[in-house]
Amino acid sequence: MISSKPILFSAIQPSGNLTLGNYIGTMRHWSDMQNNYDCLYCIADLHALTIQEKKINLKKSILDTLSFYLACGVDPNKSTIFIQSHVYQHGQLNWILNCFSQFSELLRMTQFKIKRKIEKKCAKKTNVALFNYPILMAADILLYQTNFVPVGRDQKQHVELTRNIANRFNSLYGNIFTLPEPLITQYGSKIMSLLEPNKKMSKSDFNKNNVIFLLDDIPTAILKIKHAITDSEMPSKIYYNIEKKPGISNLLEILSAITNKNINVLIKELEGIMYSEFKNIVADYLSKFLSKLQKSYHNYRYDESYLKKIVYEGAIQSQLKSEKTLKNIYDKLGLIPLF
Ligand code: TRP
């Protein structure tokens, strides 16, 4: 089948439990995107190896993540769903792109700086893979001649780096790589922590009350919303302003994402109500949303032979696609292809 739709690549690292932030920032859009793009949805298990935490059961986490992809409406008949480590071309291109990446540009990556700072605080040594992480991302993206990468604001820099590496390569060897563009949605691309709304909601947060996990049981999720921080503006008023009202703005983003309603429409509807009432509304919608998603998730998660069939087929498709790019690169670099 020859497809004329633009190619879209997206991935999540299976490093523990997925959060509401992952859903709203990334996975929420995946189902609809299948109508407009030729989509590849990857489980970035090699990236997850950069986090050496014994408590993560990687095998389980990979299948959990896959089940959530399906529960969010990713359809194996429309999209390619695969596990990164099944497609060896990713590791191969990663090495090649290492040779076209600069130490200084990687040092500038904000996410690396943040992760390194956290590791330093815990007196942990930083592994080289954490530094090289964005180059493997570049390989993921460039192997498939990707046109678009849906990312949160914090990942935009990695797509820019990918473009720089691709440009550098293209200027030496001709038009080998398509230059990918980031797709960023206006609201909800970055959900913040519930108690510290100035930092991103993250699955690795030490304080679990900062984070709604997609597998949180409903009473726990409701409590977390009820404890979320707001502000002390008098009289209290609900509107969107990230600097002045980070807590309320974050709750508005959450509500908007799970109800599919525009933030401005919500603000009108919520006029005059108190913060506690607002939180009740968010908690109510969230519990309905989570119950439905979890039910679908469990249906998929239960059927491991079906999950394995999907990733097997996905791996074959991705290997075929990525091998084309890799062969071309080998040839241009002067490496000798085996066949
Ligand atoms: N870094 C992404 C995350 O933290 C996962 C990822 C790996 C990715 N490769 C990618 C995202 C390529 C976009 C494109 O979840």
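The values are calculated or read from the model by the stated rules, or taken from the named source; none is laboratory data. If you're wondering where the values come from, they're calculated on a predicted model, not measured in any experiment. Here the Cβ is made from the backbone with ideal geometry for all residues, glycine too, and neighbour counts use every protein chain on show. Just so you know, the surface numbers come from the protein's heavy atoms only, side chains and all, with ligands and any DNA or RNA stripped out. Shrake-Rupley method; radii C 1.70, N 1.55, O 1.52, S 1.80 Å.
Would it be correct to say that residue 64 is more than 13 Å from the ligand (Cβ to nearest atom), surrounded by fewer than 17 Cβ atoms within 10 Å (Cβ to Cβ), closer than 22 Å to residue 290 by Cβ and not β-branched (Val, Ile, Thr)?
Considered against the rule, which asks whether it is more than 13 Å from the ligand (Cβ to nearest atom), surrounded by fewer than 17 Cβ atoms within 10 Å (Cβ to Cβ), closer than 22 Å to residue 290 by Cβ and not β-branched (Val, Ile, Thr), residue 64 comes out as no.
Exactly one condition in (1) under 16 Å from the mean Cα position of the chain (by Cα); (2) within 16 Å of the ligand (Cβ to nearest atom) is not met by residue 130; state its number.
With (1) under 16 Å from the mean Cα position of the chain (by Cα); (2) within 16 Å of the ligand (Cβ to nearest atom) applied to residue 130, the lone miss is (1).
Please pick out the residue among 21, 16, 73 that is within 13 Å of the ligand (Cβ to nearest atom), part of a loop (DSSP other than H, G, I, E, B) and either over 30 Å from residue 171 (Cα atoms) or of a type in the set (Gly, Ala, Ser) (or both).
16
Look at region 223-245 and say how many of its residues are under 24 Å from the mean Cα position of the chain (by Cα) and modelled with pLDDT of 95 or more.
3
Does any residue in region 38-53 that is of a type in the set (S, T, N, Q) come within less than 6 Å, Cβ to Cβ, of a residue that is open to solvent by 40 Å² or more (accessible area, probe 1.4 Å) six or more places away or on a different chain, and which pairs are these?
Filtered contacts from region 38-53: 50/129.
State whether one or more residues within region 97-106 are modelled with pLDDT of 95 or more, within 13 Å of the ligand (Cβ to nearest atom) and surrounded by fewer than 22 Cβ atoms within 10 Å (Cβ to Cβ).
No, every residue in region 97-106 fails to be modelled with pLDDT of 95 or more, within 13 Å of the ligand (Cβ to nearest atom) and surrounded by fewer than 22 Cβ atoms within 10 Å (Cβ to Cβ).
Restricting attention to region 30-49, does a residue exist that is within 27 Å of residue 116 (Cβ to Cβ) and more than 14 Å from the ligand (Cβ to nearest atom)?
no
Given the structure, is residue 263 surrounded by 19 or more Cβ atoms within 10 Å (Cβ to Cβ) and out of contact with any Gly (no Cβ under 6 Å at 6 or more places or on another chain)?
no
If I go through region 24-38 residue by residue, how many of them are touching a Lys or Arg at 6+ places or on another chain (Cβ under 7 Å) and either of a type in the set (A, V, I, L, M) or not in a helix (DSSP H, G or I) (or both)?
So the answer is 2.
Across region 134-153, what is the number of residues that are in a helix (DSSP H, G or I) and either over 21 Å from residue 87 (Cα atoms) or more than 12 Å from the ligand (Cβ to nearest atom) (or both)?
Looking only at that region, the number is 1.
Can you confirm whether residue 312 is within 29 Å of the chain's Cα centre (by Cα), over 20 Å from residue 26 (Cα atoms) and hydroxyl-bearing (Ser, Thr, Tyr)?
yes
Between 115, 156, which is touching a strand residue (DSSP E or B) at 6+ places or on another chain (Cβ under 6 Å), under 25 Å from residue 190 (Cβ atoms), within 14 Å of the ligand (Cβ to nearest atom) and basic (Lys, Arg)?
One residue alone meets the criteria, 156.
Among the residues of region 156-179, are any under 18 Å from the mean Cα position of the chain (by Cα), surrounded by fewer than 20 Cβ atoms within 10 Å (Cβ to Cβ) and either within 20 Å of residue 43 (Cα to Cα) or modelled with pLDDT under 90 (or both)?
Checked region 156-179: at least one residue is under 18 Å from the mean Cα position of the chain (by Cα), surrounded by fewer than 20 Cβ atoms within 10 Å (Cβ to Cβ) and either within 20 Å of residue 43 (Cα to Cα) or modelled with pLDDT under 90 (or both).
Under 7 Å between Cβ atoms, which residue pairs at least 6 apart in sequence (or on different chains) link something in region 326-339 that is within 19 Å of residue 100 (Cα to Cα) with a partner that is open to solvent by 50 Å² or more (accessible area, probe 1.4 Å) and in a helix (DSSP H, G or I)?
326/92; 332/173
What's the number of the condition residue 317 fails, among (1) open to solvent by less than 70 Å² (accessible area, probe 1.4 Å); (2) in contact (Cβ under 8 Å) with a residue 40 or more places away in the chain; (3) within 23 Å of residue 41 (Cα to Cα); (4) within 22 Å of the chain's Cα centre (by Cα)?
It fails just one condition, (1).
Take region 50-61 and flag every residue that is more than 21 Å from residue 308 (Cα to Cα) and away from the ligand (no atom under 13 Å from the Cβ).
52, 53, 54, 55
Consider only pairs whose beta carbons are under 8 Å apart and that are at least six residues apart or on different chains; among these, list those whose first residue lies in region 143-155 and is assigned by TED's automatic domain parsing to the domain that holds residue 108 and among the basic types (Lys, Arg) and whose second residue is more than 9 Å from the ligand (Cβ to nearest atom) and open to solvent by 40 Å² or more (accessible area, probe 1.4 Å).
What qualifies is 153/184; 153/190.
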